[in-house]
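J.: The structure under discussion is supplied below as structure tokens; questions concerning it will follow.
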Amino acid sequence: MDGLAGRQARTLSGGEQKRVALAMATVTQPDVILLDEPTAYLDRDGVALVDDIVRRFRREGHVAVAIATHDILRVAHLSDQTLFLDAGRIRAKGPTREVIREELENLAFGDLTSNLFHGTVVENGTGIEGGHRLSRVRVGHAVSIDVVTDRSGDVTVRIPPEDIIVSREPVLSSARNSLRGTVTEIEAENSTVLLTVDIGIPLIALITKSSLEKLKISQGDSVCVTFKASSVRVY
């Protein structure tokens, strides 16, 4: 934090802003701290810092920490209790391990470990999205995706199925990642559909049944999958 002293807020990166906000929240020693996506856009050192602080709070028991996040892997090892929300409604609540185990078994809301891949950062500074610096990660032998990270070397990435747009042709958008692949599996459950698309890696997208019917997608069809670099979780 010493290196940030005297700098104007608008000159700070997304990760630096997160660190400053966390310092402001903890310096007064409050009874409760609310963290909204606390590790988004942080580099490896920043993520480790947040994790260490939350673990210390848990260990010392002087402050309650509530974390709002889409990062299920972070929830799994940082929290004791989890409240699982879907479309603004409480879907499950209780001890974290029990809630996660229950949700992983319910494919109607997507497998929370889907689209988890090991990869390597092959290029930094590939562009800007939402004011954040992008890097390119190679996943598998021939697939490269843009992500928001300052990390280098080997990483693990997760592409949330619900953040993927499926279309017949490329869509015009600011999303950095648009890849074509072949539909290999369609699994319908209630009003949602899990669509597996082979883009060189098996990518799972979560769409509605009405979208599937509108697009008239069948197994073996060629489709485009599109997602933002900022949607990709990097570990």
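The values are calculated or read from the model by the stated rules, or taken from the named source; none is laboratory data. Model, not experiment: these values are computed from the prediction. In this analysis, Cβ positions are derived from the backbone assuming ideal geometry, glycine residues included, and neighbour counts consider all displayed protein chains.
J.: What pairs can you find where one residue is in region 71-99 and farther than 21 Å from Ile53 by Cβ, the other is hydroxyl-bearing (Ser, Thr, Tyr) and modelled with pLDDT of 80 or more, and their Cβ atoms are less than 6 Å apart, with a gap of 6+ or different chains?
T.: Val99/Thr82
J.: Residues of region 206-235 being in contact with a helix residue (DSSP H, G or I) (Cβ under 6 Å, 6 or more places away or on another chain) and over 24 Å from Val148 (Cβ atoms), which ones?
T.: none
J.: Taking the stated definitions as given, is Ser135 in a strand (DSSP E or B), in contact with a Ser or Thr (Cβ under 6 Å, 6 or more places away or on another chain) and among the polar types (S, T, N, Q)?
T.: yes
J.: Mind telling me which of the residues Ala76, Ala25 ends up being modelled with pLDDT of 70 or more, in a helix (DSSP H, G or I) and either among the hydrophobic types (A, V, I, L, M, F, W, C) or assigned by TED's automatic domain parsing to the domain that holds Val155 (or both)?
T.: Just a single option satisfies the conditions, and that option is Ala25.
J.: Could you please find all residues in region 213-235 being surrounded by fewer than 18 Cβ atoms within 10 Å (Cβ to Cβ) and out of contact with any Ser or Thr (no Cβ under 8 Å at 6 or more places or on another chain)?
T.: If the condition is that a residue be surrounded by fewer than 18 Cβ atoms within 10 Å (Cβ to Cβ) and out of contact with any Ser or Thr (no Cβ under 8 Å at 6 or more places or on another chain), then Glu213, Lys214, Lys216, Ser218 are the ones that fit.
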